[in-house]
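> Below is a structure I'd like to ask you about.
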Amino acid sequence: MSSNKELLNRLLSGDFSPEEIADDPLLVSLAERVYGIKIDPVLTSKPRDFVAHEGATEVTEVAPPTDMLIEVIGDIAPALPLANMELPALAVPPVETKKKSSALQYMVLAGFGFVVLNLIGVWSYVLGSYCQAGDLCPSDGYTRINLMEVYKLNTGYGWSEPVQTGAFGIPDIVAVIVLGVAFLALRRK
């Protein structure tokens, strides 16, 4: 009898006989898994439960080694070759191309509109009455809200001259550019 290593090499190369490996439960299990050959030394036990014992062992091959891992189903196979059969057309649902408007896009557009209307001085008609008299208020021609000091609308620090007079601030320019680019970027998505 050969050594276990030599039997394993012969099993993996496919050059073995079931009688040679019937006494080794590990090789029997490998033969079942690799080649689909069932070697049943005792009818009531599985190869992994097989304990080697003295005496003759009956070996049963379920599938010949030439038909390894091929299953033929007689009655279920189609009578015609598949190349001659026409498959029914599949119904493909239409793809919706409608863009969904996001709340973020509306908020950016609203912010852009606020800044542009602020540059012109429109908000002075709505919020200008909060300014104390005697300061630089909308009644004195200062109709643009200073974006960096929006919390000081009741004093002259919260108001500036509108763009029509040629005055504008860096926060106004930054706000127009950032909100304009953000709106265009959100529209392209």
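The values are calculated or read from the model by the stated rules, or taken from the named source; none is laboratory data. Here the structure is a predicted model, which means the values were calculated and not measured. Cβ: placed from backbone, ideal geometry, glycine included. Neighbour counts: every protein chain shown.
> Can you pull out every residue in the stretch 151-164 that is surrounded by fewer than 19 Cβ atoms within 10 Å (Cβ to Cβ), out of contact with any Ser or Thr (no Cβ under 8 Å at 6 or more places or on another chain) and within 15 Å of LEU117 (Cα to Cα)?
Across the stretch 151-164, the qualifying residues are VAL163, GLN164.
> Further, regarding this structure: Which of the residues belonging to the stretch 138-169 are in a helix (DSSP H, G or I) and of a type in the set (Phe, Trp, Tyr)?
Taking the stretch 138-169 and keeping what is in a helix (DSSP H, G or I), we get 138-140, 147-152, 156-158, 163-165.
Of everything in the stretch 138-169, those that are in a helix (DSSP H, G or I) and of a type in the set (Phe, Trp, Tyr) turn out to be TYR151, TYR157.
> Still on this structure: Pick from ASP172, ASP135: which is crowded, with 17+ Cβ neighbours inside 10 Å and either assigned to a helix (DSSP H, G or I) or without any contact (Cβ under 8 Å) to a residue 40 or more places away in the chain (or both)? Quick ask: steps written out before the conclusion?
Details: ASP135 fails: crowded, with 17+ Cβ neighbours inside 10 Å.
On inspection, the qualifying residue turns out to be ASP172.
> Being touching a helix residue (DSSP H, G or I) at 6+ places or on another chain (Cβ under 7 Å) and modelled with pLDDT under 85 is true for just one of ASP135, ASP140. Which residue is that? Let's see the steps before the verdict.
Values: ASP140 fails: touching a helix residue (DSSP H, G or I) at 6+ places or on another chain (Cβ under 7 Å).
Sole residue among the options that is touching a helix residue (DSSP H, G or I) at 6+ places or on another chain (Cβ under 7 Å) and modelled with pLDDT under 85: ASP135.
> Residue under question is LYS5, and the condition is that it be exposed (fewer than 10 other Cβ atoms within 10 Å of the Cβ) and modelled with pLDDT under 75; does it hold? Give the derivation first.
Details: exposed (fewer than 10 other Cβ atoms within 10 Å of the Cβ): yes; modelled with pLDDT under 75: no.
Considered against the rule, which asks whether it is exposed (fewer than 10 other Cβ atoms within 10 Å of the Cβ) and modelled with pLDDT under 75, LYS5 comes out as no.
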